[in-house]
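Some notes on the structure that comes next.
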Amino acid sequence: MELNDNFIYRSDSKGQYDTNLNILKPGNVFPSNEVRGRNRVYRYCKKLYSGEYAKNKKIIALVNNKETEIPYRVLSMNQFKLIVNKMFSLMFQNEISIKTGDVERDKTVVSLAERTNWFNSIGRAIKMVETCGDAFLKTYINGVSPVSPLNCFKVVHPSDINTTLAFVLYEYLTNEEETKYTHMRVEIHTKGFIYEKVFHYSGDGKSGVLGESVDYEYRGRLISKDWTITETDIEDACCIQHLGVDIEADGVYGSSPLLDIQNIVFMLEARVSSEYHVIANHENPLLIMGQEMFMPDEKTGGYKLREVNGKFIVKNAGDNSSPEYVTWDGKLDNSSELREDLMDYLYELSEMCKPFMTGEYTGNISEETLNNTIKSAIDKANRHVTEMWSAIRESLYVLCRLNDIDVSIQEINIEFNIGRTDDDKVVSEIAETYIKNNIFSIGTILEKYHGYTSAQAKAEIEKIIAEKRLLNGLEKEEESYETD
């Protein structure tokens, strides 16, 4: 499947978003044209990450001024997977801090996140976003599950496509032999409610026709054909969140960062593959020998080597010539320079600078120097986190509410510490210096180095003052007791 075909299909359907649930009526083709178009691009992006795109791929060369496929295999470099994994490492190399404006509640929320494996689930979803451009989170009482964009879409407001009315999560179900799809399970998530139903389905798992709804036993529970409804008691958030990066112009879905660099990667692979095959074709050098080393062949009328048992060549006594090999000089300077230029373009387009991609920085480099060295990669990571931050915060908020933790979404602050950061001891020393010399206030220190919001910092300072007053009161009582 060619990418151009995907984008022709995508461009034909782009913007035709679902604004109602009519697609779930029996007899309709599911999913919609727009979703099918996007899903084709998602599948292609997954192939870029896995390296499957290079399977049986042949080099394209100019033959008689025409681009022609020649019978040489392309060597896969899979820069796509490298870039996704590097970005993931940059985002998660440091601990993610969570603040809610209350120290004891902070401990409870962090403990919940750790117990439900929330951090790892967020990481898996972000890796999916870096590959496909989109991902979804399904938040429930026991944790969070990343959901592929191939299995979920938005229902948007017809007058304002940036307003999401519902999320539709769908799952294709097979028969007992797992030989074909027979049913499709659907979850519709709105604020406060989850609606679930199972339909008959006829299709290939990419596109098909919905039948009538049925009563269906799913993982030990019965789903009613008349909708099974679950009330979440969370009136201001859904249990599904959408994460996206490089958001498209209309703001509804994201786009894969891999698509911006694919042509450069393909050119690099073609260049490296061409060099490899050129060198491989010159592994058997040409042998040149003097005429005296040949003798007439009576059978063919031509000449044959003066050799014994295929191992020794008989040389005449007066023959001064010796066999010699003509070898290829192996000069690929122009090709090498072009490859280096392509790598520079790759670093530039991916925003992943060479020192970060190759790890070329060495020695005991300071935090500030390292962060400046890989600044473009850090900037990209921060931008992507900013685009996903609201959805990540909403997921944690829903998780807290489902576990009876009293917190508002505005009170939650999540800080991704991207890049090399100072350790706690260094931060403590810096904070003490700033406060003693009246450079920064305690509130500013809490915001700058500990991820507090202004309101949270104010609340923490008030708590410090209250505890200090309490401590001073206890000390005075002790002094009074000793005097008596």
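The values are calculated or read from the model by the stated rules, or taken from the named source; none is laboratory data. No experiment lies behind these values; they were computed from the predicted model shown. Cβ: placed from backbone, ideal geometry, glycine included. Neighbour counts: every protein chain shown. Surface areas here come from the heavy atoms of the whole protein model, side chains and all, with no ligands, DNA or RNA. Shrake-Rupley method; radii C 1.70, N 1.55, O 1.52, S 1.80 Å.
Among the residues of segment 48-96, the ones that are under 12 Å from the mean Cα position of the chain (by Cα) and of a type in the set (Gly, Ala, Ser) come to 2 in all. Of the residues making up segment 80-105, just one is farther than 30 Å from residue 268 by Cα, assigned to a helix (DSSP H, G or I), open to solvent by less than 50 Å² (accessible area, probe 1.4 Å) and not basic (Lys, Arg), namely 103. Before we move on, is residue 455 open to solvent by 50 Å² or more (accessible area, probe 1.4 Å), at pLDDT below 80 and over 27 Å from residue 117 (Cα atoms)? Answer is yes for this residue. The residues of segment 405-422 include none that are at positive phi and at pLDDT 95 or above. Would you please name the residue that is farthest from residue 168 (Cα to Cα), looking only at residues in segment 191-216 that are within 32 Å of the chain's Cα centre (by Cα) and in a loop (DSSP other than H, G, I, E, B)? That would be 204. The set of residues from segment 402-416 being open to solvent by 50 Å² or more (accessible area, probe 1.4 Å) and either touching a strand residue (DSSP E or B) at 6+ places or on another chain (Cβ under 9 Å) or farther than 19 Å from residue 456 by Cβ (or both) comprises 404, 411, 415.
Among the residues making up segment 221-235, a single one is at positive phi and within 34 Å of the chain's Cα centre (by Cα): 233. Scanning segment 186-219 for residues that are on the phi > 0 side of the Ramachandran plot and open to solvent by 70 Å² or more (accessible area, probe 1.4 Å) yields a single hit, 219.
Pairs are defined by a Cβ separation below 6 Å, a sequence spacing of at least 6 or placement on different chains, a first member in segment 242-261 that is on the phi < 0 side of the Ramachandran plot, and a second member that is open to solvent by 30 Å² or more (accessible area, probe 1.4 Å) and outside any loop (DSSP other than H, G, I, E, B); the pairs so defined are 245/387; 260/349; 261/349.
Among the strands (runs of 3 or more DSSP E) confined to segment 106-168, the ones with at least 1 residues that are within 21 Å of residue 399 (Cα to Cα), among the small types (Gly, Ala, Ser) and in contact with a helix residue (DSSP H, G or I) (Cβ under 7 Å, 6 or more places away or on another chain) are located at 134-140, 143-147. Of the residues in segment 53-64, at least one is open to solvent by less than 20 Å² (accessible area, probe 1.4 Å) and within 22 Å of residue 350 (Cα to Cα).
Table: residues versus (1) under 30 Å from residue 447 (Cα atoms); (2) in contact with a His (Cβ under 6 Å, 6 or more places away or on another chain); (3) at pLDDT below 95.
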position	(1), (2), (3)
93	yes, no, yes
98	yes, no, yes
109	yes, no, no
139	yes, no, no
145	no, no, no
151	no, no, no
156	no, no, no
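Residue count for segment 255-264 satisfying the condition of being crowded, with 21+ Cβ neighbours inside 10 Å, assigned to a loop (DSSP other than H, G, I, E, B) and within 12 Å of the chain's Cα centre (by Cα): 1.
Contact annotation: residue pairs with Cβ atoms under 6 Å, 6 or more positions apart or on different chains, pairing a residue in segment 116-144 that is touching a residue at least 12 places away in the same chain (Cβ under 8 Å) and open to solvent by 10 Å² or more (accessible area, probe 1.4 Å) with a partner that is among the hydroxyl-bearing types (Ser, Thr, Tyr) and part of a strand (DSSP E or B), are 138/145.
Results for (1) of a type outside the set (S, T, N, Q); (2) modelled with pLDDT of 95 or more, shown as yes or no for each residue.
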position: 373; (1), (2): no, no
position: 377; (1), (2): yes, no
position: 393; (1), (2): yes, yes
position: 424; (1), (2): yes, no
position: 435; (1), (2): yes, no
position: 442; (1), (2): yes, no
position: 451; (1), (2): yes, no
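Residues in segment 377-401 that are of a type outside the set (Val, Ile, Thr) and either touching a helix residue (DSSP H, G or I) at 6+ places or on another chain (Cβ under 8 Å) or open to solvent by less than 10 Å² (accessible area, probe 1.4 Å) (or both): 377, 380, 381, 384, 388, 393, 394, 395, 396, 397, 399, 400. Selection within segment 265-279: residues that are open to solvent by 40 Å² or more (accessible area, probe 1.4 Å) and in contact with a helix residue (DSSP H, G or I) (Cβ under 6 Å, 6 or more places away or on another chain). The member of this set that is farthest from residue 88 (Cα to Cα) is 271. Filtering segment 21-75 to residues that are assigned to a loop (DSSP other than H, G, I, E, B), among the charged types (D, E, K, R) and out of contact with any strand residue (DSSP E or B) (no Cβ under 9 Å at 6 or more places or on another chain) leaves only 55.
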